[in-house]
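The values are calculated or read from the model by the stated rules, or taken from the named source; none is laboratory data. The structure displayed is predicted, hence computed values, not measured ones. Cβ placement follows ideal geometry from the backbone for every residue including glycine, while neighbour counts extend to all protein chains displayed. Note: accessible area is taken over every heavy atom of the protein model, side chains too, but ligands, DNA and RNA are not part of it. Shrake-Rupley method; radii C 1.70, N 1.55, O 1.52, S 1.80 Å.
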Amino acid sequence: TNKSIAFIKRQTTDMPFFLYVPLAAPHTPWMPTKEFRGTTEAGWYGDFVAQVDASIGQIVKAVDDAGFRDDTLIIVTSDNGSHWPVQQIAAFSHCANGDWRGQKADIHEGGHRVPFICRWPGGIAPGSRNDQTVCLTDLMATFAAVIGETLPTDAGQDSYNILPAMLDPGLTEPI
């Protein structure tokens, strides 16, 4: 988080930048720092998620404070559903994967459906939602579209530009 904030502070408005922040949390092992332990009612997992939320909040604040708010696309997502066994659901009365059955590493939707949250005040309407099915491989073609570039024909063959669905929540035809 601190390195991300320092990177953002070094940027200037005359040059676009790309920042990829692959947080290990809330991946197992769940190891929230002392500051976050006991801050939720979902054990160390919940505390670790709260820590992730705080880290993302600090990065978003740094983007805003640096004057990049309207021109910066921020995406928060995950590569898989939560590791949240049935015992945890019972112990904490909390469903980390929502109503979806399953968890990380299994075949059920709880292991594969993930949040895909975007913020781009200059492009995406606040509070908008689109139910298109997307995949993280789509980010390559999408980022190229965001900056007005096309990918070489031998790059990202499985990547589809999902920018139209991000910009138009009413888009219902497949991308």
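Go ahead and set up a Gaussian network model of the chain, Cα springs under 10 Å, then flag whichever of 16, 115, 152 fluctuates most.
Of the options given, 152 has the highest mean-square fluctuation.
In whole Å, what is the distance between the alpha-carbon centres of the stretch 106-172 and the stretch 2-20?
Here the answer is 22 Å between Cα centres.
Mind listing which trypsin sites (Lys or Arg not before Pro) in the stretch 1-38 are in a DSSP loop and have 16 or fewer other Cβ atoms within 10 Å?
Of the trypsin sites (Lys or Arg not before Pro), the ones in loops of the stretch 1-38 whose Cβ has at most 16 other Cβ atoms within 10 Å are 34, 37.
Which of the lysines could a cross-linker span from residue 3 if the Cα-Cα distance has to be under 23 Å and same-chain partners fewer than 8 positions apart are dropped?
34, 61
What spacing in nm lies between the two simple spin-label points modelled at residue 106 and residue 2, each 7 Å away from Cα in the Cβ direction?
Each label point lies 7 Å from its Cα, and together they span 4.0 nm.
What are the ³J(HN,Hα) couplings of the stretch 3-13, residue after residue, when phi is run through the Karplus curve with 6.51, -1.76, 1.60 and θ = phi - 60°? Round to Hz, x for glycine and proline.
Coupling constants for the stretch 3-13: 5, 5, 5, 4, 4, 4, 5, 7, 7, 10, 6 Hz.
What are the extents of the Cα atoms of the chain along their three principal axes, listed from largest to smallest and rounded to whole Å?
Principal extents (Cα only, largest first): 49, 39, 31 Å.
For the stretch 55-65, what does the Karplus curve 6.51 cos²θ - 1.76 cosθ + 1.60, with θ = phi - 60°, yield as ³J(HN,Hα) per residue in whole Hz, taken in order and with x for Gly and Pro?
Whole-Hz 3J(HN,Hα) from phi for the stretch 55-65: 5, 4, x, 5, 5, 4, 4, 5, 4, 5, 4.
Carbon and sulfur: what percent of the chain's accessible surface (1.4 Å probe)?
Answer for the chain is 56 percent, counting heavy atoms of protein chains only.
With θ set to phi - 60°, apply the Karplus curve 6.51 cos²θ - 1.76 cosθ + 1.60 along the stretch 73-89 and write out the HN-Hα couplings as whole Hz, x wherever there is a Gly or Pro.
Whole-Hz 3J(HN,Hα) from phi for the stretch 73-89: 8, 10, 10, 10, 8, 9, 8, 6, x, 6, 7, 9, x, 3, 4, 5, 4.
So which trypsin sites (Lys or Arg not before Pro) in the stretch 104-175 are both in a DSSP loop and have at most 15 other Cβ atoms within 10 Å of their Cβ?
Within the stretch 104-175, the qualifying trypsin sites (Lys or Arg not before Pro) (loop, at most 15 other Cβ atoms within 10 Å) are 129.
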